[in-house]
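Contents: one structure, followed by commentary.
The values are calculated or read from the model by the stated rules, or taken from the named source; none is laboratory data. Because the structure is predicted, anything quoted here is derived from the model rather than measured. Reconstructed Cβ throughout: ideal geometry from the backbone, glycine too, with neighbour counts over all protein chains shown.
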């Protein structure tokens, strides 16, 4: 085995052990607030990395994540609630059969919601990828609104505007970060495969990709379906983290947040999506104080709801000016790159100034 490859494997194993130890420490000694932030970071890593597959790697400007997250969340909730809990929740109109009697374990609900969302993504892909560019964005944006409106009006399935409450809080650090690592691993393997190279070819020049024999339609369908699967799983984990869902949770604002993350991190960079997801999730909590009333000497500043997003928008504008390709551009984290950086910037021991 190549010594460099063996070294990278050992470093990756050490990194995984470090993550596990950190999560164990956070689960044992962290406050509930700390644990919630870490769970949110993991969920947005899942959503940002999967969204970047279609938008960044494949280059298709899609605005659908809120739809797939909603489908995944409702699917998981309906499958994990017990028949008695459903009877209590659906007080206006009873839930339809067979959803009224189905009750499965959480792990199977995650698989089911991923499959259901992937099926929706596959079906939706046929009309969506008949158009390109701005038209593609408009169609996917419309699909997100359709899903939200259906969730608001399908009383016998989603409980309408009342939503679903009392979900079991299954999502913990092990579930969220376990699926985050699994998502990053699977999508990174896909991107590095021959399919991933074909997806990048579609991004840079779709006509040239077709000329060399790449079936661009089916490759875009592959990316879209895979993205939908992981976004659906993320939706289920989100539902069982906050333990209550309603149509108002899945507006375009969710898609806008994810769009900020993948653009800030770098379109096409999985590493960039991870960094931006953590930065935006953690930063939005740090910046909560800007939305609260403040007293500065002789000046009283009233609360300004939404100011955090204004600040993030300014940060995004700053990045677009000084780092037009985002934090990572199209680059990815590698152990070889870390070692080269250390050798370049860290002076060897014993060297003079």
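Of note:
- Qualifying residue in the range 41-53 (condition: outside any helix (DSSP H, G or I) and either surrounded by 24 or more Cβ atoms within 10 Å (Cβ to Cβ) or touching a residue at least 24 places away in the same chain (Cβ under 8 Å) (or both)): no
- Within the range 1-35, considering residues that are within 15 Å of residue 171 (Cβ to Cβ) and touching a residue at least 60 places away in the same chain (Cβ under 8 Å), the one surrounded by the most Cβ atoms within 10 Å (Cβ to Cβ): 23
- Listed by position, the helices (runs of 4 or more DSSP H) enclosed by the range 72-180 that each have at least 2 residues that are in contact with a helix residue (DSSP H, G or I) (Cβ under 7 Å, 6 or more places away or on another chain) and either at pLDDT below 95 or under 20 Å from residue 252 (Cα atoms) (or both) are 106-128, 133-153.
- The residues on offer are 140, 75, 158, 117, and the sole one that is surrounded by 17 or more Cβ atoms within 10 Å (Cβ to Cβ), under 21 Å from residue 235 (Cβ atoms), over 22 Å from the mean Cα position of the chain (by Cα) and touching a residue at least 24 places away in the same chain (Cβ under 8 Å) is 158.
- Some residue of the range 62-70 being within 19 Å of residue 185 (Cβ to Cβ) and within 11 Å of the chain's Cα centre (by Cα): no
- On inspection, residue 146 does not qualify as free of Cβ contacts under 8 Å to residues at least 12 places away in the same chain, over 24 Å from residue 270 (Cβ atoms) and surrounded by fewer than 19 Cβ atoms within 10 Å (Cβ to Cβ).
- Among the conditions (1) touching a helix residue (DSSP H, G or I) at 6+ places or on another chain (Cβ under 8 Å); (2) within 28 Å of residue 83 (Cβ to Cβ); (3) surrounded by 15 or more Cβ atoms within 10 Å (Cβ to Cβ), residue 188 misses just one, which is (2).
- For the range 328-345, the criterion of being closer than 27 Å to residue 192 by Cα, exposed (fewer than 11 other Cβ atoms within 10 Å of the Cβ) and under 23 Å from the mean Cα position of the chain (by Cα) is met by no residue.
- Residue check: residue 325 meets all listed conditions (1) touching a residue at least 40 places away in the same chain (Cβ under 8 Å); (2) touching a helix residue (DSSP H, G or I) at 6+ places or on another chain (Cβ under 8 Å); (3) under 22 Å from residue 264 (Cβ atoms) but one, namely (2).
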